[in-house]
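Engineer: Before I ask anything, let me first share the structure, which is written out below as structure tokens.
The values are calculated or read from the model by the stated rules, or taken from the named source; none is laboratory data. Note that the structure is predicted; figures quoted are calculated from it, not measured. Cβ: placed from backbone, ideal geometry, glycine included. Neighbour counts: every protein chain shown. Side chains included, ligands, DNA and RNA excluded: accessible areas come from the protein's heavy atoms. Shrake-Rupley method; radii C 1.70, N 1.55, O 1.52, S 1.80 Å.
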Amino acid sequence: MFRPVGNSKYFTYLCATYKQVIMALIKPLRGFTPVIGENTFLAENAVIIGDVVIGEGCSIWYGVVLRGDVNSIRIGNGVNIQDGSVLHTLYEKSTVEIGDDVSIGHNVTIHGAKICNSALVGMGAVVLDHAVVGEGAIVAAGSVVLARTQVEAGSIYAGAPARFVKKVAPEQASEINRKIARNYHMYASWYENGDGQ
């Protein structure tokens, strides 16, 4: 079992069983202190800086960087941001907005874009400034969504640059994407228990 210890600059856990100190770096910057919702899992080496607000029941995995140093990052409820992903913005020009029940795959870069509810951004994808990924949409692994692109709700986009592939029934896409998000909430619970079970 983990319990929080430390000061306001760093979110630190002390593992009562092994006396290990495990910490995610949560760093205030420019007068902004990150806000972390309840029941949110933070991997030990996640980095959350500045103007970042994370909703409830999220999971922020290993090596993720949420860099709210130059503008805001807002993350809804039930979001999973997987290993190695980076979210950043343009100074005074773009923000990051992530809706509820969104899955951000491994090694994704989101720079100043909006990802709507129940969307999925596949592994290694890049989503650039002022792009919007619609509700229940899927951005395929390795895709590059160029600045100001509008990915339609319930659609699949793939390629570099990302292009429309096909429509998926909105309720089907949203349900698939929500299921993935719920699975990641379950995976996070394995780590929070401290014993991997």
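Engineer: As an exercise: evaluate residue 143 against (1) surrounded by 19 or more Cβ atoms within 10 Å (Cβ to Cβ); (2) modelled with pLDDT of 95 or more; (3) within 14 Å of the chain's Cα centre (by Cα); (4) among the small types (Gly, Ala, Ser) and give the number of the one condition it does not meet.
Structural biologist: So the condition that residue 143 fails would be (3).
Engineer: Specify the residue that is modelled with the highest pLDDT; the eligible residues are those in region 159-182 that are open to solvent by less than 50 Å² (accessible area, probe 1.4 Å) and out of contact with any strand residue (DSSP E or B) (no Cβ under 7 Å at 6 or more places or on another chain).
Structural biologist: Checked region 159-182; the qualifying residue modelled with the highest pLDDT is 159.
Engineer: Taking the conditions exactly as written (open to solvent by 10 Å² or more (accessible area, probe 1.4 Å) and of a type outside the set (Lys, Arg)), does residue 156 satisfy them or not? Give the steps one after another, and end with the answer.
Structural biologist: Numbers: open to solvent by 10 Å² or more (accessible area, probe 1.4 Å): yes; of a type outside the set (Lys, Arg): yes.
So residue 156 fits the description; yes.
Engineer: With the checklist (1) out of contact with any Asp or Glu (no Cβ under 8 Å at 6 or more places or on another chain); (2) in a loop (DSSP other than H, G, I, E, B); (3) more than 17 Å from residue 129 (Cβ to Cβ) in hand, flag the one item residue 53 doesn't pass.
Structural biologist: Here residue 53 meets the rest and fails (2).
Engineer: Something else now. Working only within region 82-101, note down all residues that are without any contact (Cβ under 8 Å) to a residue 40 or more places away in the chain, under 14 Å from residue 117 (Cα atoms) and open to solvent by less than 60 Å² (accessible area, probe 1.4 Å).
Structural biologist: Answer for region 82-101, where residues must be without any contact (Cβ under 8 Å) to a residue 40 or more places away in the chain, under 14 Å from residue 117 (Cα atoms) and open to solvent by less than 60 Å² (accessible area, probe 1.4 Å): 96, 98, 99.
Engineer: Also: So, in region 45-57, of the ones that are surrounded by 16 or more Cβ atoms within 10 Å (Cβ to Cβ) and not β-branched (Val, Ile, Thr), which residue ends up farthest from residue 86 (Cα to Cα)?
Structural biologist: 57
Engineer: Let me ask something else about it. Any chance region 168-180 includes a residue that's in contact with a Phe, Trp or Tyr (Cβ under 8 Å, 6 or more places away or on another chain) and under 29 Å from residue 41 (Cβ atoms)?
Structural biologist: Let us first name the residues in region 168-180 that are in contact with a Phe, Trp or Tyr (Cβ under 8 Å, 6 or more places away or on another chain), namely none.
Within region 168-180 (the criterion being in contact with a Phe, Trp or Tyr (Cβ under 8 Å, 6 or more places away or on another chain) and under 29 Å from residue 41 (Cβ atoms)), the answer is no, since none of the residues qualifies.
Engineer: From 105, 76, which residue is open to solvent by less than 30 Å² (accessible area, probe 1.4 Å) and within 15 Å of residue 53 (Cα to Cα)? Break it down stepwise before answering.
Structural biologist: Numbers: 105 fails: within 15 Å of residue 53 (Cα to Cα).
Being open to solvent by less than 30 Å² (accessible area, probe 1.4 Å) and within 15 Å of residue 53 (Cα to Cα) holds for just one of 105, 76, which is 76.
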